[in-house]
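Q: Have a look at this one.
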Amino acid sequence: MYASREDIGYDFGDDSKVGSKPIKPNPNIDGGWAWMIVLSSFLVHILIMGSQMALGILNMEWLEEFNQSRGLTAWVSSLSMGITLIVGPFIGLFISMCGCRTTAIIGGILNALGWILSAYASNVHYLFLTFGVTAGIGSGMVYLPAVVMVGQYFQKRRALAQGLSTTGTGFGAFLMTALLKYLCTEFGWRNAMFIQGAISLNLCVCGALMRPLSRKDLCEKYVVRSESEENRAKALSHSTETMKSNGVLSEEPEKKEEAANEEVLGSVQHIEIGGKSGSGRSMYGLRILKTVSQLTVTVKKGFALWYSSYFGAASLFANRVFVAFIIWALFAYSSFVIPFIHLPEIVKQYNLSRQDNVFPLTSIIAIVHIFGKVILGIISDLPCISTWNVFLMANFTLVTCILTLPLMQTYVGLAVVCALIGFSSGYFSLMPVVTEDLVGTKHLANAYGIIICANGISALFGPPFAGWIYDITQKYDFSFYIAGLLYMVGIIFLLIQPCIQKKQPTEKSTEEAQV
């Protein structure tokens, strides 16, 4: 799904050669350029996820500028955050056709355009289109390649690599909160968004760093991984059959398409050779025809790969734990997003703006979030620790903090709860690892795309729902209570399904023993 044939190329060739020759460790996997990919992903998280976590500053400016309800205004931020994650499965189509690098560069331009156009907004509905949709789609086109490329370049210590790259969210939330607050104070929110749009063009640089692995590199990586999991030969043949069934290695259509392209090219060259007798218009027309035919072939291949990946992954939904994981994702992410959007308003209501200006509560969440991701990633890599247990404990801590936050009326109390929210939300770095444990490496890209899509739906409806509850009750307390209870429902689903799956084999074994 998230890789084109340039990014993931399976060139197995002769299996006997692969089995007979010792495989040398590739310097680009788990080292070398892999750390540049981590740096690129780190910067992407700063510029995209970090700036989205700082939207509470702009949300207050929009409330004062347009005098709309909190529920309606919150849709601007939630659209941007939600669409960034929801478009994941569809961005996979672009990656299948163009590759991660090109997709990320186009996304960086689109994201910057959304920020710049939003500076000229005349009402909230205009922001829905420019910032919510345009910048949101652009963010999604950069974010997904950044996550997927780290997974491609790392085999060992993947949890640590993901943890290091995603700490950019915490750094970004801290830096962007301070930056947007300064820019809004000095230049106004419109000029602040224009400047932020110029800064977002650096996403194109991050995309340029996403150098695709060669076919040889990725072949070696997957061969090494198959050795650790099961018999190498079986894994290779199985992968080859799978790719052939999905149309990736199907040679006959490719040969036909190449023959068609060569035929068009031959026609063009024939006219060029007899240039004096042939007309210039005919030569120009054939060149356009050649370009269109090549583009059509690329689109067909990309769509076939994307379609086979997603609709061929229907077996994922037979995994009950994975379905429970999706239900959890539908409720979980909103509990993390709501404080970032509405905390500045809560601080203003509690008359704590002076303390918050010295050290904003959202910055506390962001800084501790950095340490949470790294520490939880290191802990989960320990051989005696279960990643699943670390993941569940972090979720329990986070939901407890969400339910406790409305009870705090002082800056110190809110700061302590925000610090715990930041640390426990570090479980985000474990999500790709947990997903891989549930569905396996083969379906990781598809499964993770579905999970972050569910997170996007949660981010889309969470902040507007909290604002709507405030418009009715004139308090944010019920917003956090309801969000926390829904989050707890998702955690309960995660706890129930593994117990059911453990119970079923024991029941079957007792029945077989009786027979």
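The values are calculated or read from the model by the stated rules, or taken from the named source; none is laboratory data. Because the structure is a prediction, the values reported are computed rather than measured. Backbone-built Cβ (ideal geometry, glycine too); neighbour counts: all protein chains shown. Side chains are part of the model used for accessible areas, which takes the heavy atoms of the whole protein and leaves out ligands, DNA and RNA. Shrake-Rupley method; radii C 1.70, N 1.55, O 1.52, S 1.80 Å.
Q: Taking the conditions exactly as written (aromatic (Phe, Trp, Tyr), out of contact with any Cys (no Cβ under 9 Å at 6 or more places or on another chain), under 30 Å from Leu72 (Cα atoms) and surrounded by 23 or more Cβ atoms within 10 Å (Cβ to Cβ)), does Phe359 satisfy them or not?
A: No.
Q: Hand me the list of helices (runs of 4 or more DSSP H) wholly inside the range 315-398 holding 1 or more residues that are within 23 Å of Ala459 (Cα to Cα), of a type in the set (D, E, K, R) and out of contact with any strand residue (DSSP E or B) (no Cβ under 9 Å at 6 or more places or on another chain).
A: 320-349, 361-381
Q: Among Ser139, Ser165, which is the only one that is farther than 29 Å from Val358 by Cα, open to solvent by less than 10 Å² (accessible area, probe 1.4 Å) and not assigned by the TED database to the domain that holds Tyr427?
A: Being farther than 29 Å from Val358 by Cα, open to solvent by less than 10 Å² (accessible area, probe 1.4 Å) and not assigned by the TED database to the domain that holds Tyr427 holds for just one of Ser139, Ser165, which is Ser139.
Q: Would a scan of the range 410-418 turn up a residue that is in a loop (DSSP other than H, G, I, E, B) and either modelled with pLDDT of 85 or more or of a type in the set (Val, Ile, Thr) (or both)?
A: Yes, the range 410-418 has at least one match.
Q: Taking the range 122-177 as the region of interest, how many residues are modelled with pLDDT of 80 or more and closer than 20 Å to Ile450 by Cβ?
A: The total comes to 15.
Q: Determine whether Thr404 is surrounded by fewer than 17 Cβ atoms within 10 Å (Cβ to Cβ), under 30 Å from Arg70 (Cβ atoms), not assigned by the TED database to the domain that holds Ser51 and not small (Gly, Ala, Ser).
A: yes
Q: Hey, another quick one. Identify all residues within the range 95-110 that are surrounded by fewer than 24 Cβ atoms within 10 Å (Cβ to Cβ) and within 29 Å of Gly462 (Cα to Cα); write none if there are none.
A: Ile106, Ile109, Leu110
Q: Which condition number does Asn455 fail, the rest of (1) at pLDDT below 85; (2) crowded, with 23+ Cβ neighbours inside 10 Å being met?
A: Among (1) at pLDDT below 85; (2) crowded, with 23+ Cβ neighbours inside 10 Å, the lone unmet condition for Asn455 is (1).
Q: What are the pairs, 6+ residues apart or on separate chains, where a residue within the range 41-56 that is within 24 Å of Asn357 (Cβ to Cβ) has its Cβ under 6 Å from a residue that is aromatic (Phe, Trp, Tyr)?
A: Listed pairs, sorted by first residue: Ile46/Phe171; Met53/Phe340; Gly56/Phe340.
Q: Restricting the range 416-434 to residues that are over 21 Å from the mean Cα position of the chain (by Cα) and open to solvent by 20 Å² or more (accessible area, probe 1.4 Å), which is farthest from Ile378 (Cα to Cα)?
A: Of everything passing the filter in the range 416-434, Val416 is farthest from Ile378 (Cα to Cα).
Q: Looking at (1) open to solvent by 60 Å² or more (accessible area, probe 1.4 Å); (2) in contact (Cβ under 8 Å) with a residue 40 or more places away in the chain, which is the only condition Pro383 fails?
A: (2)
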